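The values are calculated or read from the model by the stated rules, or taken from the named source; none is laboratory data. This structure is a prediction, so every number in the text was calculated from the model and none was measured. Positions of Cβ are generated from backbone atoms using ideal geometry, with glycine treated the same way; all protein chains shown enter the neighbour counts. We work out accessible area using only protein heavy atoms, side chains counted, and drop any ligands, DNA or RNA first. Shrake-Rupley method; radii C 1.70, N 1.55, O 1.52, S 1.80 Å.
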Amino acid sequence: MKFNNTDSEWKFLDEFRGKDFNGTWPTLVEMFNISTKRYPDNPCFSAITPKKESFTYSEAHSIITKLGNYLVRLGVKKGDRIAVTGKNSPQWAIAYLGILYSGAIVVPIDYSLHASEIEHLLEFAGVKMLFIDKERIEEIDSDNKLGLLARFSLEEGDMNHKFILDCQEDEDLNREKVTESDTAAILFTSGTTGTPKGVMLSHGNFVSDCYIAQSQMHLYPTDVFYAILPIHHAYTMLAVLIETISVGASCLFGKKLVISQVLRELKEGKVTMFLGVPMLFNKMIAALMKGVREKGILAYCFIRMGMGLSGFIKKVFHVNVGKKWFGFLLKRLSLDTSRICICGGGPLPSSTFKLFNELGIDFVQGYGLTEASPITHLNPVEHFIVTSVGRAFPGEEVKIVNPDSEGNGIIFIKGPNVMQGYYHNREATDAVLDKDGWLNTGDVGHQDENRFLYLTGREKNIIVTEGGKNVFPEEIEDRFQLYDDIETICIMGYMVDKATRSEGIRALIYPSEKYV
């Protein structure tokens, strides 16, 4: 896949092509090498802890290359699988990149899983070594049934296992070269008890998705990304960690998704790029607007009118006045330094999207799935549509299969970001990925003439009523996201007539704590 856009965000790669990498895209290793060359003294990874952990690009690069050499010294070869699991931290990122520097494939695992579930995934992937937080290092493979060659602690102070930052080998040991078409990571989406579904993503999958996503927004080496969502997930891995190192920016790692701590870290870290999920942004904007209402009806009306005007000016004239007008409100959310907020991982109410933009935040909603590295669509900052999940990327093809009378059908995607397949699961691979490279997302929606995508729900969740109408539970559930008297709502179908396979609709509602 060739890209000839001379104004593209990845145009600078031409300076390094043929010297630091060959082909269309660099590997993740080569990407990090390039950013270290360009910005050696920029802050790279940090965390707000009692002793304030922080690494520049040159410092991180030195540790990561030495870790890669150390793993090679232990016998790690190209294609070996090495796992990492733990709370978000600079050490997690160092382990991730160190594994890739050794030539191995990294297997990120959900730290919240039970020990038996983690062991099941380690066994299925044939993992040789494990990086893990010291608090759980003894409970994983304690009987050595998996035959792990080594377990490394991501945290200092474990006397029985080697600390990751002590795993250093200065000699640059020979290893088989990894290319952009080689597998970089295996990400598990399900199957902790049955047959797992491990998504195989190549270096080219990740790197192409990373740079092409930047066609919808500008990133800078002065940006500070905030990694608060679990980093083993493709969403955070790509949109925070990999985007960070692609432009020489800084990544601040948060460990607990607790609002008070999040607000403190956003403020202290002077975060400019805040990535979250709908629940987080809904709670933040609901709390803010509640505070505005408490100021009285006149103040509330004045602020809401100002927000409406700000949104109009931003949408029509592409001038952001909201940051100046409502800086006092953004300070309450610790978002006064934020340039862009990105929401993914689920549907977001258009009202939340609109309110953040009116306050002066460039709020970006996206769409994707792990099997596509994972981002496939983003709302351009300058030309966003609040009801859409975004516009398809350059070099990516999208088709709507079997559309209904309203144009809604199954979304298929093809492009350089589409996975290689599921690890050791040919049947599951063939079910979603055809021989021509088209990926069946399982989602239903439609796109307009400008390639903006509109989601209606999941194919398997569609409820077909007696009148023959297709009802998408997600569309109904979304309407209730900002009701603070409801904690959770689940829309479900039930069979009314088996002969005609017509369904009725029911809602299961769990009230918020104050109404229980």
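A few comments on the model shown:
- Those residues of the stretch 31-48 which are in contact (Cβ under 8 Å) with a residue 24 or more places away in the chain and open to solvent by 10 Å² or more (accessible area, probe 1.4 Å), in sequence order: Asn33, Thr36, Arg38, Tyr39, Asn42, Pro43, Ser46, Ile48
- Criterion (surrounded by 15 or more Cβ atoms within 10 Å (Cβ to Cβ), at positive phi and modelled with pLDDT of 95 or more) met by exactly one of Gly103, Gly68: Gly103
- Residue list for the stretch 346-386, restricted to those being open to solvent by 20 Å² or more (accessible area, probe 1.4 Å), within 17 Å of Gly276 (Cβ to Cβ) and in a helix (DSSP H, G or I): Ser350, Ser351, Lys354, Leu355
- Gly198 vs. criteria within 25 Å of Gly415 (Cα to Cα), in a strand (DSSP E or B) and open to solvent by less than 40 Å² (accessible area, probe 1.4 Å): yes
- Taking the stretch 500-516 as the range and being modelled with pLDDT of 75 or more and open to solvent by 70 Å² or more (accessible area, probe 1.4 Å) as the test, the residues that pass are Ile505, Arg506, Leu508, Ile509, Tyr510, Glu513, Lys514, Tyr515, Val516.
- Within the stretch 127-138, residues that are under 15 Å from Pro108 (Cα atoms) sit with their Cβ atoms under 8 Å from residues that are surrounded by 21 or more Cβ atoms within 10 Å (Cβ to Cβ) and of a type in the set (Lys, Arg), at 6+ positions apart or across chains, in these pairs: Val127/Arg81; Lys128/Arg81.
- Out of Leu219, Leu263, sole residue that is in a helix (DSSP H, G or I), of a type outside the set (Asp, Glu), in contact (Cβ under 8 Å) with a residue 60 or more places away in the chain and open to solvent by 10 Å² or more (accessible area, probe 1.4 Å): Leu263
- Filtered by the rule that a residue be more than 14 Å from Ala184 (Cβ to Cβ), assigned to a helix (DSSP H, G or I) and among the aromatic types (Phe, Trp, Tyr), the stretch 66-122 gives Tyr70, Trp92.
- Members of the stretch 131-174 that are assigned to a loop (DSSP other than H, G, I, E, B), basic (Lys, Arg) and modelled with pLDDT of 95 or more: Lys162
- Filtered residue count, the stretch 61-92, keeping only those that are within 22 Å of the chain's Cα centre (by Cα) and free of Cβ contacts under 8 Å to residues at least 40 places away in the same chain: 0
- Scope the stretch 269-315; condition open to solvent by 40 Å² or more (accessible area, probe 1.4 Å), at pLDDT below 95 and closer than 14 Å to Lys331 by Cα; matching residues: Ala287
- Of the strands (runs of 3 or more DSSP E) lying entirely inside the stretch 387-499, those containing at least 1 residues that are at pLDDT 95 or above span 390-392, 397-401, 409-414, 439-447, 452-458.
- Close pairs (9 angstrom Cβ cut-off, 6 or more residues apart or separate chains): of a type in the set (Val, Ile, Thr) in the stretch 280-291, modelled with pLDDT of 90 or more and not in a helix (DSSP H, G or I) anywhere: Ile285/Leu333; Ile285/Leu359
- Filter result for the condition that a residue is open to solvent by 10 Å² or more (accessible area, probe 1.4 Å), over 22 Å from Leu329 (Cβ atoms) and out of contact with any Lys or Arg (no Cβ under 6 Å at 6 or more places or on another chain), over His232, His203: His232
- Across the stretch 48-61, the number of residues qualifying as assigned to a strand (DSSP E or B) and of a type in the set (Phe, Trp, Tyr) comes to 1.
- The residues of the stretch 335-345 that are part of a loop (DSSP other than H, G, I, E, B) and open to solvent by 10 Å² or more (accessible area, probe 1.4 Å), listed by number, are Asp336, Thr337, Arg339, Gly345.
- Hits in the stretch 12-47 - residues which are among the acidic types (Asp, Glu) and either over 20 Å from Glu176 (Cα atoms) or part of a helix (DSSP H, G or I) (or both): Asp14, Glu15, Glu30, Asp41
- The stretch 387-409, residues that are among the charged types (D, E, K, R) and open to solvent by 30 Å² or more (accessible area, probe 1.4 Å): Arg391, Glu397, Lys399, Asp404, Glu406
- Cβ separations smaller than 6 Å between residues 6+ apart or across chains give the following pairs from the stretch 387-408 residues that are on the phi < 0 side of the Ramachandran plot to residues that are in a loop (DSSP other than H, G, I, E, B) and at pLDDT 95 or above: Arg391/Arg451; Ala392/Arg451; Glu396/Gly415.
- Test: residue in the stretch 142-160 that is under 26 Å from the mean Cα position of the chain (by Cα), of a type in the set (A, V, I, L, M, F, W, C) and closer than 19 Å to Asn69 by Cα: yes
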